[in-house]
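Student: Mind having a look at this structure? Questions to follow.
The values are calculated or read from the model by the stated rules, or taken from the named source; none is laboratory data. These figures come from a predicted structure and were not determined experimentally. A quick note on method: Cβ atoms are made from the backbone with ideal geometry, for glycine too, and the neighbour counts reach across all protein chains shown. Keep in mind that these areas ignore ligands, DNA and RNA; they rest on the heavy atoms of the full protein, side chains included. Shrake-Rupley method; radii C 1.70, N 1.55, O 1.52, S 1.80 Å.
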Amino acid sequence: MTELTFFSLVMLLAEPVSWAVIAGGLAQNAVYTVQLLLAYRHLARRTHFDAADNLWRQYAEVAPPISLLVPAYNEQTTIVESVRSLLALRYPQFEVVVINDGSADGTLDALIAGFDLRPVSRSWDHAVPHRTIHGLYGNPAFPSLLVVDKDNGGKADALNAGINISRMPLFCAVDADSVLESDALLRCVEPFVDAPEETIAVGGTVRLANGCTVENGQVVRVGLPTAILPLFQTMEYLRAFLMGRLAWSEMRAVTLISGAFGIFRRDAAIQVNGYRHDTVGEDFELIVKLHRAMIAARRPYAIRFVPEPVCWTEAPSSAAVLRRQRIRWQRGALETFSRHRDMALNPRYGRIGLIGFGHVLIVDVLGPPLEALGYALLPLLWLIGMLDAEYPLAFFALTCVFGVFISVSSLILEELELRRFPRARDLAILFLIAVLENFGYRQINTLWRVEGWWRFLRGTRGQWGTMTRQGFGRQPTNRQD
């Protein structure tokens, strides 16, 4: 009797569960379609991108000063080259604040030797919390450089120390192993110049430097990686930034600015107590806190995304490192969503509640478990004869065929508007990757995100783990993200 009851229950639930999975896929695809259309509208409306000289003439006298905050942990082999690259950026007034977050290697010694630094003193505000600062280092020959040595506390803690130490009205959070294009700051600061009272944060595009040629801290030739995992990630980054972030910026519903490259108003960040320490998604958390604070204060504000400024970073090349990254990303998204769940679909929070958090709910919260359920349940029910073949076929069409369409459309947008890939061969490879990623890579990513869900439910905590980086033409290094 018990077996009969269980079988009857499975039969009863098979069809509604199947339709729920398909409905979830339809909802995600509807979101992606809207993103694609909005991104195309934005790019089609823009005029040609100004050359660097035109940008300098336009913004040199009005661009607000910026502090570049560079958290560094175990970056001994690359930090001096990275800092020299940042000091060479084309921007009228900026300072580079490197925060050595208790590195266990010779990061601080490398900086001291590379720039002949000496202990200096500077007063600062204790506006946001961070761990103990042991010393400041500078050199009059490099007046725009300041190095901070502090106890290890993680990336968010290091950025908070940088916020306190910095003296400029804007700060730019940038990873120590990233490469900014020389005019990236000039391009990214445009919204702050056009709407200085309203704009509180701006994000730029992050691209993968795997396969590119980097000389003297600049990408001199854009290429594609040769390894398959970075190739898949190149396609992902194209979708995420060119389509996703740009679309939500059009709707004034940006919920995330990448931790690798973003500019913020210092006073706004201080108002929300800076970066939160007890989450692995500190970049997502900060943007949500800014939205909540501005809405509560009934203050007009804008958080924007600008596609032209580019920050180049390195993608994981091994499955083990990529898995850890995706688990952390998923856990960070769920931590922030759970903490601010009252904003989801809440008209009180306007577009950010209805659109921004609605997107997070569909794609990041419900998406992974529903998609994994579809991969596991629908073929099983069909094999045992409890489900018609139309259900797994419909699910396959939704996840794979539509995924190819979205990826190829993003690539067409890239070629029509930005043209970062100069060789036809590169575009042909990316078109092939847009198809192949839907047959294995996407499914593995879904499993990793479900693992992130599981770790979130278990309450797993901790800082960003140690990541192995190959470096831009250098020996592999370990760093803490």
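Student: Report, in whole Å, the centroid distance computed from the Cα atoms of the range 351-368 and the range 257-312.
Tutor: The two parts, judged by their Cα centres, are 18 Å apart.
Student: Only Cα pairs under 8 Å and at least 6 apart count here; give the relative contact order of the chain as a rounded whole percent.
Tutor: 19 percent
Student: With angles folded into 0 to 90 degrees, how steeply does helix 441-458 sit against the dominant principal axis of the chain? Use alpha carbons for both and round to 10.
Tutor: For helix 441-458, the angle is close to 80 degrees.
Student: Continuing with the same structure: With all protein chains present and a 1.4 Å probe, how do W382, W448, W312 order by accessible area, largest first?
Tutor: Putting W382, W448, W312 in descending order of accessible area: W382, W448, W312.
Student: Here's a follow-up. If R₀ is 56 angstrom, what is the calculated FRET efficiency for the pair S123 and L361, using the beta carbon separation as r and rounding to 0.05?
Tutor: For R0 = 56 Å, the calculated efficiency reads 0.80.
Student: Would you calculate, for the chain, the mean residue ellipticity at 222 nm contributed by helices, counting each DSSP H stretch of 4 or more residues as -39,500 (n - 2.57) and dividing by all residues, to the nearest 500?
Tutor: Rounded to the nearest 500, it is -14000 deg cm²/dmol.
Student: A further question on this structure: Quote the FRET efficiency, to the nearest 0.05, computed for D278 versus L447 with a Förster distance R0 of 30 Å and r equal to the Cβ-Cβ distance.
Tutor: Once rounded, the FRET efficiency stands at 0.70.
Student: Of R323, R221, which has the most accessible area and how do the rest follow, probe 1.4 Å?
Tutor: Ranked from most to least accessible, the order is R221, R323.
Student: Also, I was wondering about something else. From the phi angles alone, apply the Karplus equation (6.51, -1.76, 1.60; θ = phi - 60°) to the range 75-87 and give each ³J(HN,Hα) in whole Hz, x where the residue is Gly or Pro.
Tutor: 10, 3, 7, 10, 5, 5, 4, 5, 5, 4, 5, 5, 5
Student: Kindly identify the range 301-368 as rounded, prolate or oblate by the Cα gyration tensor criterion: order the square roots of the eigenvalues as a ≥ b ≥ c, call it rounded if a/c is under 1.5, otherwise compare a/b with b/c, prolate if a/b is larger, else oblate.
Tutor: oblate
Student: DSSP loop (so not H, G, I, E, B), at most 12 other Cβ within 10 Å: list which GluC sites (Glu not before Pro) in the range 195-249 pass both filters.
Tutor: Passing sites in the range 195-249 are E197.
Student: Could you check how much of the accessible area of the chain is carbon and sulfur, as a whole percent, using a 1.4 Å probe?
Tutor: Roughly 59 percent of what the probe reaches on the chain is carbon or sulfur.
Student: Per residue, how much accessible area does the chain have with a 1.4 Å probe, in Å²?
Tutor: That works out to 43 Å² per residue.
Student: Roughly what % of DSSP beta bridges within the chain run antiparallel, to the nearest 5?
Tutor: Around 50 percent antiparallel, to the nearest 5.
Student: Give the long-range amide H neighbours of L68: residues separated by 5 or more places, or on another chain, with amide H under 5 Å away, using H modelled in the peptide plane at 1.01 Å from N.
Tutor: E95, V96, V97, C172
Student: If r is the Cβ-Cβ distance from A376 to A344 and R0 is 35 Å, what FRET efficiency results, to the nearest 0.05?
Tutor: Calculated transfer efficiency: 0.85.
Student: Which residues' amide hydrogens lie under 5 Å from the amide hydrogen of S103, considering only partners 5 or more residues apart or on another chain, with H built in the peptide plane?
Tutor: N74
Student: Would you pull out the residues with amide H under 5 Å of L180's amide H, same chain only if 5 or more places away, H placed 1.01 Å from N?
Tutor: W312
Student: Modelling each spin label as a point 7 Å along the Cα-to-Cβ direction, I'd like the R46/A296 distance in nm, to one decimal.
Tutor: Result for the modelled spin labels: 3.4 nm.
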